[in-house]
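Notes follow the structure.
The values are calculated or read from the model by the stated rules, or taken from the named source; none is laboratory data. Quantities reported herein were computed from a predicted structural model and do not represent experimental measurements. Cβ atoms come from the backbone with ideal geometry, glycine included; neighbour counts cover every protein chain shown. The accessibility values were calculated without ligands, DNA or RNA, using every heavy atom of the protein model including side chains. Shrake-Rupley method; radii C 1.70, N 1.55, O 1.52, S 1.80 Å.
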Amino acid sequence: MKTTEPSTSQHDETHKQLSRRDLLRYGLSLAAVSALSNTSVQALPRLGPLMAQPQTASKPNILFILVDNLGYGELGCYGGGITRGAPTPRIDKLASEGLRLTNMNTEPQCTPSRSAILTGRYAIRSGTHSVAFGGVADGLTQWEVTTAESLSAAGYATALYGKWHLGSQQGRLPNDQGFDEWYGIPRTTDEALWPGSPGYSPTIMPPQQMMEGRKGEKSRDLKIYDVEQRRIIDAETTRRTIDFMQRQTQAKKPFYIYAAITQPHLPTLPNPSFAGKTGNGDWADMLAEMDHNVGQMLDAVDRLAIRDNTIVIFMSDNGPEGVKPWDGWAGPWRGHYFTAWEGGIRAPFMIRWPGKIPPGRVSDGIVHGVDLFPTLASITGASVPNDRAIDGVDQSNLFLGKTEASSREAIIIWCADRLQAVKWRNYKLHFYQQETMFSPAVMLPVPLLINLYTNPREDEEKESHDSWVVGPVLKQVAAFEASLKKYPLIPMGIPDPYTPPSR
């Protein structure tokens, strides 16, 4: 692993940004929280021994399809589909064949949500709390352990196709973080607009390259990621996903594929073969294309006769696109990505595993993207590291239908490096007001308490008066702060090699 240690001042400064001075300025001290120590509530850091399970006779394959900025209300099974200009029959059918969640929560930006999914840790812990701009040292340090690394150690073939967004320099690309092979873009899709922008010069800001790489080798540039490539990248992601499944099935090796589709992130432009197909514009054409691509992957699973031994997951990395004219729809919820509103963090999620996950189930239990690493590790017999704070919890009993209850009852919601809100059961406490990704985040003089059952749109004029909820909410904050004493945050932009400070 890596050996450079951040300075004590870096850690102190990061901790100051998250101190109770900012979060509990409302006269609610941690002393008051300590008085609640006898109250049973979930502690967010999950510490202790490796969470390994006995290996099964036949490890299930995992096809994890992650889409980019797809809002809660876009798919037919969540109230969208034809109401958004294009039916989504293949994805809807997938939802009916397993478990569909109505309360899957993510981080509100692309980079942090992907970091949380792959590491089981809130992105604030790993220095990936925000999308990096300006060529700084972006992405995960090599000290972090990803789902791909854990599954690779457990005997899986691993691949990522599509969007990475967790590091764009050699040493921080997917093949450096546990993936046997990868293809796609290291950063984000809006950079496809650069080459055609008036005044743009590649000598001032080099364009993003489409890349590919293999474990143990340097990744290589393929071509500039421009609007033309933006239209066809998801079709190529689908093709490579199917090819990898075929190769590993022939080799009789279990696989983990992270198919990171780039739609509907701006610019939302369909593949040429789908342009004009719906008659309802680019957005609807894109939705039809997405449904088709997912259907192609599912058909390949059936054709390879691996349906019963393949876990298929479909989810979005966060709430809908917020930039016009490509903005999406969060269904019944308020807001878009980059905010703590439910529309920014509630995402579509479904999981299918025939014979193991009962079909036709719908759950409103609170789940977070950080839960996927420990859950998949539990199912496959892989390990989760025990030398760091792990925020994810094992949700396998919920997923497999052994219980109707989630293994968690709360999440902390970070917007960049701000602890913006806490969600506990059906309540939510906002510390800041921020309407859109372009709006300033304004600290509220009194936190805004919302009952999501009676006020799903989070209308400020319908604030809940159940102030007793503040107690268990602040205990979540206290538990997180306590974990920082043992496991300091990794500053954003810190270079490799990295070693945590001695404790």
Item to check | Breaking point among (1) crowded, with 24+ Cβ neighbours inside 10 Å; (2) over 28 Å from residue 382 (Cα atoms); (3) touching a helix residue (DSSP H, G or I) at 6+ places or on another chain (Cβ under 6 Å), for residue 70 | outcome: (3)
Item to check | Number of positions in region 425-436 that are open to solvent by 10 Å² or more (accessible area, probe 1.4 Å), in contact (Cβ under 8 Å) with a residue 60 or more places away in the chain and not in a loop (DSSP other than H, G, I, E, B) | outcome: 1
Item to check | Set 88, 102, 106, 119: member being over 21 Å from residue 75 (Cα atoms) and modelled with pLDDT of 95 or more | outcome: 119
Checklist outcome for this item: Taking region 473-503 and keeping only residues that are open to solvent by 20 Å² or more (accessible area, probe 1.4 Å) and not in a loop (DSSP other than H, G, I, E, B), one is left with 475, 478, 479, 482, 485, 486
Next on the checklist: Of the residues 214, 230, only one is of a type in the set (D, E, K, R), closer than 20 Å to residue 323 by Cβ and surrounded by 13 or more Cβ atoms within 10 Å (Cβ to Cβ); which?
Outcome noted: 230
Checklist outcome for this item: Contact list, first residue from region 339-354 and farther than 20 Å from residue 129 by Cβ, second anywhere and of a type in the set (Val, Ile, Thr) and open to solvent by less than 10 Å² (accessible area, probe 1.4 Å), beta-carbon distance below 6 Å, six or more apart or interchain, is 351/313; 352/312; 353/311
Next on the checklist: Could you tell me how many of the residues in region 356-387 are open to solvent by less than 10 Å² (accessible area, probe 1.4 Å) and of a type in the set (D, E, K, R)?
Outcome noted: 1
Next on the checklist: Kindly evaluate residue 267 against the criterion of being in a loop (DSSP other than H, G, I, E, B), open to solvent by 60 Å² or more (accessible area, probe 1.4 Å) and at pLDDT 95 or above.
Outcome noted: no
Item to check | Selection within region 64-98 - among the β-branched types (Val, Ile, Thr) and either more than 25 Å from residue 299 (Cα to Cα) or part of a helix (DSSP H, G or I) (or both) | outcome: 82, 83, 91
Item to check | Filter pass, residue 346 being of a type in the set (Lys, Arg), within 26 Å of residue 432 (Cβ to Cβ) and crowded, with 22+ Cβ neighbours inside 10 Å | outcome: yes
Next on the checklist: Given the criteria open to solvent by less than 30 Å² (accessible area, probe 1.4 Å) and touching a Cys at 6+ places or on another chain (Cβ under 6 Å), does residue 340 qualify?
Outcome noted: yes
Checklist entry - Any idea which of 302, 308, 317 is among the charged types (D, E, K, R), under 30 Å from residue 414 (Cβ atoms) and at pLDDT 95 or above? => result 317
